[in-house]
Amino acid sequence: MSTKPISKIVDEISAEQVKVKTNVFNYPRTLYPAIEPYKTHRLKVDDIHELYIEESGNPQSEKCVIFCHGGPGGGLEDNYRRYFDPVAYRVVLFDQRGCGKSTPFACLENNTTWHLVDDMEKIRVYLGINNWIVFGGSWGSTLALSYAETHPSRVKALCLRGIFTLRREELLFFYQCGGGANWIFPDYFAEYVKPIPVNERYDMISAYNRRLTGTDEKIKLEAALAWTAWEMATSKLIIDKEKISGGEDPQFAIPFARIENHYFVHGGWFNEDDQLIKNAHILKNIPGVIVGGRYDIVCPAKSAWDLKQVWGDKVDLTFIPDSGHSMSEPGIISCLVEAMDRFRDL
C-alpha cells in the first residue's frame with residue numbers, strides 16, 4: 001500500500017483520471033479498528049441539559065482530542081472514534097444538547113452556539129484537560145471554530161472538514177429555492193419543498209421552523225423527515241440510498257431537523273454574519289488542517305477557501321477531487337486520519 005502523503009497524490013492526479021465510482025486514487029489511509037469507550041459520563045451543564053460524554057483511546061495520554069459532531073442535532077456514531085490513533089490519543093466525544101444520549105431529547109431551550117462553546121469548556125475542566133486538539137466537520141467545524149476563537153489558548157490544533165460558517169449565503173445556497181443546490185439535485189429538492197405551500201417558499205428555513213416547532217406532531221414529523229432526507233441525499237458524491245434510509249428514523253430525524261433549523265433561523269446567534277471568517281485571524285498561531293470535498297454541495301468549497309485566506313500560513317487546505325460532503329468518503333477519511341497522525345507530534 002502506498003505511503004505517499006495524500007496531498008502529493010492529489011497534486012499528481014489529473015482531472016481526466018477521476019472515475020467517481022471507484023477509488024482510483026488508492027487513498028493510503030483508512031479508519032483505525034473499532035474500539036469501545038473505556039469510560040462514559042453524564043454531566044449536568046445547567047438546570048435543563050445533561051450531556052453524554054465518552055472517552056476512548058489511551059486514558060494515560062496527555063494528547064487529547066475533542067470531537068464536535070455535525071448537525072447541529074446529529075449525535076455520535078461509533079465510527080467517530082476511529083479517526084484517531086487509540087494508542088496516542090485520549091479521545092473525548094460528546095452528544096451536544098438535545099442530541100443522541102444527551103437529555104432532554106430534541107430540546108431547543110438554552111440551546112445555542114454559545115451554550116455549546118461553554119459546554120466544551122465545562123467538559124475540559126471536568127475531565128482535567130489543559131488543552132486539546134479540536135476536531136469537527138460540517139456544523140462540527142462551526143462549533144470548533146467558535147470554540148477556538150473564544151478559547152484559543154486551550155486549542156493545540158484544529159482538524160476541520162466540510163467548512164460551514166453559517167453565513168446567510170451558505171444557508172440560502174443549500175436550503176432556499178433558487179439558491180444553488182436545487183439546480184444540482186432538483187429531484188430531491190422537489191421532495192424537500194413538498195411540505196411547504198408555494199406561498200411560503202420564499203423563505204424555506206422560516207417555513208420549516210413554523211412546522212418543526214409547532215404543536216401538530218404529524219406535521220412536525222413530516223417536516224423533520226423531509227428536511228433530513230434532503231441533507232442525507234446530498235451528502236455524498238454518489239447518492240447513498242442507505243444513508244437516506246438512515247434519516248427516516250424519527251429518533252434521528254426529529255432532533256436533527258428541529259435543532260439544525262433552530263440554529264439556522266437564528267443565524268447561529270453570531271454578532272455578525274461573517275463572524276467566524278472575520279475573526280479567523282485569532283487562529284493565526286494555531287496549526288490546522290482543512291479538508292474539503294471538491295464537490296461538496298452541503299458545505300461548498302468557497303467557505304474553506306475564505307477561511308484559509310484569513311487564518312493564514314498555519315493551516316493546510318486540501319480539496320479531495322472525488323468527494324462530496326460526507327466524512328465517510330475514502331479520500332476524506334484518508335486525509336483526516338493522516339492529519340491526526342501528524343498532530344501526534346505536537
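Read-outs throughout are calculated quantities, based only on the coordinates presented, and are distinct from any laboratory measurement. The shown structure was predicted, so the numbers you read here are calculated from the model rather than taken from an experiment. Neighbour counts run over all protein chains shown; Cβ positions are idealised from the backbone, glycine included.
Mind listing the phi-derived Karplus ³J(HN,Hα) values for segment 95-103, rounded to whole Hz, using 6.51, -1.76 and 1.60 with θ = phi - 60°, and x for any glycine or proline?
Those phi angles translate into 7, 5, 3, x, 10, x, 8, 6, 10 Hz.
When the Cα atoms of segment 169-268 are enclosed in a convex hull and the volume is divided per residue, what value in Å³ results?
Convex hull of Cα atoms, per residue: 96 Å³.
How large is ³J(HN,Hα) for each residue in segment 195-202, as worked out from phi by the Karplus curve 6.51 cos²θ - 1.76 cosθ + 1.60 (θ = phi - 60°), to whole Hz, x for Gly and Pro?
x, 10, x, 4, 6, 10, 6, 5
Cα centroid distance between segment 134-180 and segment 199-235, in Å?
If you average the Cα positions of each part, the centres end up 22 Å apart.
How far apart, in nanometres, would the label points at LYS302 and ASP47 be if each is projected 7 angstrom from Cα along the Cα-to-Cβ direction?
The answer from the label model is 4.4 nm.
Please list the non-local residues whose amide H lies under 5 Å from the amide H of VAL315, H modeled 1.01 Å from N, same-chain partners needing a gap of 5 or more.
GLY288
What fraction of the DSSP beta bridges in the chain is antiparallel, stated in percent and rounded to the nearest 5?
30
Using each residue's phi in segment 282-295, evaluate 6.51 cos²θ - 1.76 cosθ + 1.60 at θ = phi - 60° and report the 3J(HN,Hα) Karplus result to the nearest Hz, with x for Gly and Pro.
4, 8, 4, 9, 9, x, x, 10, 10, 10, x, x, 4, 10
Please list the non-local residues whose amide H lies under 5 Å from the amide H of ASN58, H modeled 1.01 Å from N, same-chain partners needing a gap of 5 or more.
Residues meeting the criterion, in which the H sits 1.01 Å from N, are TYR89, ARG90, VAL91.
Below 8 Å, C-alpha to C-alpha, sequence gap of six or more: please give me the relative contact order for segment 187-230 in percent.
Taking the mean separation of contacting Cα pairs over the length of segment 187-230, I get 43 percent.
Please quote Rg/Rh for the chain to two decimal places, taking the Kirkwood radius as Rh and restricting both calculations to Cα atoms.
Reported Rg/Rh, Kirkwood definition of Rh: 0.94.
Considering amide H positions built from the backbone, and no H for Pro or chain starts, which residues 5 or more places from ASP296, or on another chain, come under 5 Å of its amide H?
Residues meeting the amide H criterion: ALA301.
How do SER141, SER153, SER245 rank when sorted from fewest to most other Cβ atoms within 10 Å of their own Cβ?
SER153, SER245, SER141
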